[in-house]
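First up is the structure itself, then whatever we jot down about it.
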């Protein structure tokens, strides 16, 4: 249950960032699964592809799945909450200045880059 809540939080945050900035999978879901859930790089990438499976990742997902690098449960939970978070934040973002959104996105990208650079 603890992991399901963490997956849901990752999905909701990915949805919110997707609604605001148009990002999610590689920028948020992969690092979050690695840092907070202990996933390997490949398992995180494969699970992120499972989230993106319907619109974009079927063929790549199948390759990761064949090698055991997908967590289906995490992918389903994150996918469902990405939908919710992106819907809510997409509506909210329409009322925010593009300058503020661009600056917020820049700060977010720097934080992710620093975290990835200094992680083991």
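Read-outs throughout are calculated quantities, based only on the coordinates presented, and are distinct from any laboratory measurement. Please read all numbers here as calculations on a predicted model, not as lab measurements. Positions of Cβ are generated from backbone atoms using ideal geometry, with glycine treated the same way; all protein chains shown enter the neighbour counts.
Below, the figures for the structure above:
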| quantity | calculated |
| --- | --- |
| Acute angle (nearest 10 degrees) that the helix 2-21 long axis makes with the longest principal axis of the chain, alpha-carbon atoms | 40 degrees |
| Ranked 7, 65, 87, criterion: other C-beta atoms within 10 Å, fewest first | 87, 65, 7 |
| Segment residue 80-residue 104, length gained on full extension (0.36 nm per residue, minus Cα span) | 6.2 nm |
| The chain shape via C-alpha gyration tensor axes, a/c threshold 1.5 | prolate |
| The chain: angle of helix 41-52 to the longest principal axis, Cα-based, in degrees nearest 10 | 70 degrees |
| Contour excess over end-to-end distance, with Cα ends at residue 118 and residue 95 and 0.36 nm allotted per residue | 4.8 nm |
| The chain: relative contact order in percent, alpha carbon pairs under 8 Å with at least 6 residues between | 37 percent |
